Structures are given as structure tokens and as C-alpha cells.
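Read through the structure below, which is laid out as C-alpha cells, and then see the notes.
Every number here is computed from the coordinates shown, using simple stated rules; none is lab data. If you're wondering where the values come from, they're calculated on a predicted model, not measured in any experiment. We place every Cβ from the backbone using ideal geometry, glycine too, and count neighbours over all the protein chains shown.
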Amino acid sequence: MRTLFQLIAVFVVALMLGIGSAKYMIEDGSPLTTKQVGPWASWISEGNPNTDPYTKAHLARSGRLPLTSTTARYFVAHTDDTGYELNSACEYSVEGSALNARWWSIALYDEHGSLIDNPSKRWSFNSEEAIRRSDGTYRINLARNARPENWLPTGDDTDRKLVLMLRIYGPRDIDTSGIGQIPDDRLPKIERKTCS
Amino acid sequence: MQLRVPLLYVLLCLVLAGLIHIAAVLALPSLAPKNAWARLVPLGPANAMIQIPVVAPGQEIMPMMAPDVRYAFCRFDLAKGPVRLKGAVQNDLWMIAFYTSEGDNFYTVSGVDMKSAQLDLVIAKADQAVAEAGVDAPEESDEVFVVKSPVEQGIAMIRAPLAGPSRAPGAEEALKATSCGPHAS
């Protein structure tokens with residue numbers, strides 16, 4: 001009888017460990033599948049026909065249809081530079097510099113990947129339209145109310161999780177395995193300003 | 001008072017956890033009900049160019065679509081022969097990407113790679129013959145470019161990134177003018 005209980009316990013623990021670790025590696029990624037630079041995470045071989053099972057599972061669950069890393073790179077941030085979750089209760093400044101690519105865009109979403117409704121219908125800034133300083137750097141302000149420079153509205157809701165996506169089409173620096181390279185220091189800094 | 005777990009149980013637990021982990025990871029792609037293919041199929045028939053409605057809050061076909069890109073796709077089905085994509089590429093930023101139903105992006109052409117602004121390409125399976133330029137094709141199909149597909153059914157997605165909000169109508173117009181259909185001849 002005791003042996004039976006022990007075996008059941010072993011099975012339950014194994015189930016939790018197995019499913020839990022699979023879920024973690026598929027949703028959040030691991031150093032095998034993702035590159036993490038500060039708050040930004042990028043699935044290195046997303047969309048690649050020869051990718052690993054974790055990335056395939058991640059892609060199927062996400063419902064997205066991304067380009068492979070040879071033609072585009074996608075970076076997603078759920079937190080600011082200090083690791084706090086992005087939330088519409090706070091204001092943020094996103095400071096970036098020029099990227100060596102044909103086109104890039106920073107867009108703001110809620111936690112489900114939907115755009116956030118706002119009267120000015122402003123959901124993103126791309127390389128052609130963001131107001132930039134003479135050295136190519138720019139600042140995008142995330143806030144509920146209008147802000148100078150580039151303003152991305154975070155909506156009326158005062159407690160909404162936010163997600164930023166930086167998509168880079170046609171990166172010009174390609175490594176030997178064909179993956180577009182974005183130097184770490186080129187990714188925007190996400191700084192939390194004030195919170196209500 | 002026997003708290004010591006035998007080593008055998010710990011090993012059994014780890015081996016079992018490993019197997020469950022592998023099974024879960026491998027099973028997930030086929031269990032995910034709402035992958036990109038499942039989201040795009042209801043939008044229209046196969047072998048036709050379909051414009052994805054402009055992304056608006058709460059009306060996204062797929063999560064995290066770019067609000068400053070206009071999308072059109074053709075769900076190709078090569079069962080009855082090769083399929084042809086035609087249109088005029090509006091600018092260098094355009095990208096035409098080819099996917100399997102599982103989302104494997106097996107080929108991509110971008111506007112800069114194209115020799116002319118005329119998009120004219122044929123999608124065919126490896127064993128399907130396409131009249132290649134210069135063999136027995138008529139003069140005007142000189143520029144026909146063949147994309148070999150590893151699958152019978154897949155997606156050709158055109159992305160038209162916008163240089164600014166004022167460019168949206170032009171891009172939508174240009175996408176509307178692209179076509180997808182059976183490759184005659």
C-alpha cells in the first residue's frame with residue numbers, strides 16, 4: 001500500500017515538473033531559444049523551417065506569423081529596464097538610436113497583443129515617421145495624456161499591462177548563420193518615469 | 001518517521017518528468033487550436049489574394065500585428081497545379097514571404113531583391129513543371145520567377161510597411177491590385 005502511494009506521488013511530481021518546465025520553456029523561452037538583452041527578448045529562430053521544437057511550439061501557441069530572423073528581427077519587452085512590469089499606471093520614456101536596417105517600428109500592445117484604443121489612433125512609431133534628433137537618437141513617451149516628442153498613448157485604463165514590440169525589417173548586418181545582428185547597445189532603453 | 005525518499009524514486013521521477021516534458025513540447029504545435037493558419041483560413045478561399053482588414057483595437061486577426069504595415073495574403077493550394085502571384089511592388093520595403101501551414105517561413109523576397117517593380121512569380125511543388133523563361137514560354141513571361149514549395153498548401157504573405165500614416169491608402173490600393181490564382185499554361 002505504501003509503495004502504491006509513493007508511486008502515485010512520484011507520478012504527480014513528475015507530471016508537475018514535466019508540464020511546468022515545458023510551459024516555462026515554451027512561453028518564456030530559455031537561453032537555447034531566446035536572446036535576452038535587458039528587458040528585450042527575441043526568439044532567435046522563430047519562423048525558421050529548421051527551428052527547434054520549443055520555438056515551433058511557441059510559434060503555434062502565439063498565433064503569429066513572423067518572418068525568419070534572416071529577414072527580420074522581433075524584440076518584445078514586458079518590463080522596464082529595472083525589471084518591473086510595464087503598466088499603464090506609469091509613464092515611460094523609450095530612448096533609442098539608429099538601427100542598421102531597411103525599416104523598423106516600435107508598437108504598443110496590451111498583454112493579449114491587441115492595440116490600445118486611443119482618440120489619436122497612434123499605435124506605433126517607425127523609422128520613417130519618428131521624430132529624431134540630428135544624431136539619429138529618438139525618444140518615445142508612453143503616457144495616458146499627450147506628451148511632447150513621440151507620444152504613444154497607453155489608453156484610459158489605469159491598470160493595464162503593456163507590451164512593446166520592436167520589429168526590424170531587413171537588418172543589414174548578417175552573421176555567418178544568416179541571422180540579422182542587432183548590437184545590444186542599439187536596443188532602446190525603457191525608463192520608468194512617474195506612476196499614479 | 002521515515003522522511004528519506006529512496007534514490008530510486010527520485011530517479012524515476014526525473015526520468016518520468018523528462019518524458020512528459022518532451023511529449024508536451026512535441027504535442028503542442030498540433031494541439032494549439034489558434035495558430036496563424038487557423039486564423040487566416042476563415043478569411044477567404046484558397047488561391048485568391050485576400051487583404052487582411054486594417055489592424056484596429058480588438059479586431060486583430062493575429063496578435064501583435066503591426067499597425068503600420070498593410071498585409072495581404074494568398075492561401076495557395078498546389079493540388080491542381082502551380083499558382084501565380086502578380087502585382088506591382090510599390091516600393092523597396094515590400095516583402096513577400098512564403099509559409100507552410102505550420103508557420104515555417106521557407107522563402108522571402110523583398111522589394112530590394114527584385115529586378116523590376118513587377119511582381120510575377122509562380123509557386124510550384126518540387127515535382128511540378130513550370131514553363132521557365134526562355135524554354136517554351138512566351139516572351140512576356142521573361143521575368144517569371146519560380147518559388148519551389150516544400151508543401152502543397154501554404155501561405156504567401158505580402159507585407160507593405162508604411163513610411164507614415166499618409167501612405168496607408170496608397171499601400172492598400174497597391175495590395176488590392178495584386179492577384180493570386182492558378183498558373184495558366
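Taking the alpha carbon gyration tensor of region A:1-158, multiplying each eigenvalue by 5 and rooting it gives semi-axes of 38, 20, 13 Å, largest first. Placing a label point 7 Å from the Cα of A:D173 along the Cα-to-Cβ direction, the residues of region A:46-89 whose backbone N falls under 19 Å from that point are A:69-76.
Close amide H pairs (under 5 Å, H built 1.01 Å from N) link B:G87 with B:L119, B:S179, residues at least 5 positions away or on another chain.
For the cross-link pairs A:K56/A:K161; A:K56/B:K148; A:K23/B:K80; A:K35/B:K176; A:K121/B:K115; A:K35/B:K80, the ones whose C-alpha atoms lie over 31 Å apart are A:K23/B:K80; A:K35/B:K176; A:K121/B:K115; A:K35/B:K80. Residues of region A:1-31 falling in the label zone of B:V10, defined by backbone nitrogen less than 17 Å from a point 7 Å along Cα to beta-carbon, are A:7, A:10-11, A:13-14, A:17. With R₀ fixed at 25 Å, the C-beta to C-beta distance from A:N100 to A:L32 puts the FRET efficiency at about 0.40. Principal semi-axes of the equivalent ellipsoid, √(5λ) from the alpha carbon gyration tensor of region A:61-122, are 22, 17, 14 Å from largest down.
For A:D159 and A:D117, a Förster radius of 25 Å and the Cβ-Cβ distance give a FRET efficiency of 0.95, rounded to the nearest 0.05. Residue-wise HN-Hα couplings along region B:30-37, as the Karplus relation 6.51 cos²θ - 1.76 cosθ + 1.60 with θ = phi - 60° gives them from phi, are 7, 8, 5, x, 10, 6, 4, 4 Hz; Gly and Pro carry x. Short-range pairs are left out: with C-alpha atoms under 8 Å and at least six residues apart, the relative contact order of chain A is 26 percent. Could you give the longest part of chain B that holds none of the GluC sites (Glu not before Pro) found in DSSP loops with at most 14 neighbouring Cβ atoms within 10 Å? Longest site-free region, per DSSP loop and neighbour criteria: B:1-131. Per residue, the average separation of C-alpha pairs within less than 8 Å and at least 6 apart gives chain B a relative contact order of 27 percent.
Per-residue Cβ neighbour counts within 10 Å put B:M49, B:M95 in the sequence B:M49, B:M95, beginning with the fewest. With R₀ set to 22 Å, the beta-carbon distance separating B:A46 from B:E172 gives a calculated FRET efficiency near 0.45. Shape descriptor for chain B: Rg over Rh equals 1.18 (Cα atoms; Rh from the Kirkwood inverse mean 1/r).
For the protein assembly as shown, what class follows from the C-alpha gyration tensor (a ≥ b ≥ c being the square roots of its eigenvalues): rounded when a/c is under 1.5, otherwise prolate if a/b is larger than b/c, else oblate? Oblate is the answer for the protein assembly as shown, as a/c is 1.5 or above yet b/c matches or exceeds a/b. Approximating the spin labels as points 7 Å out from Cα along Cα→Cβ, the A:Q181-to-A:A89 distance works out to 4.2 nm. Annotation: amide H of A:R64 within the under-5 Å range of B:A36, sequence separation 5 or more or interchain, hydrogens built in the peptide plane.
Adding -39500 (n - 2.57) for every DSSP H run of four residues or longer, then dividing by how many residues chain A holds, sets the calculated 222 nm ellipticity at -6000 deg cm²/dmol.
Database remark: amide H of A:W123 closer than 5 angstrom to no amide H (H placed geometrically; neighbours at sequence offset of 5 or more, or on other chains; Pro and chain starts carry no H). About the centre of its Cα atoms, the protein assembly as shown shows a dipole size close to 880 debye [charges on the beta carbon of Lys, Arg (+1) and Asp, Glu (-1) only; nearest 20 debye]. Listed by Cβ neighbour count within 10 Å, with the fewest neighbours leading, A:H58, A:H78 appear as A:H78, A:H58. Have a look at A:S69, A:S88, A:S177 and tell me which one the Gaussian network model of chain A (Cα, springs below 10 Å) gives the largest fluctuation. Of the options given, A:S177 has the highest mean-square fluctuation. Across peptide B:26-39, the mean count of Cβ atoms from other chains lying within 10 Å of each residue's own Cβ comes to 5.
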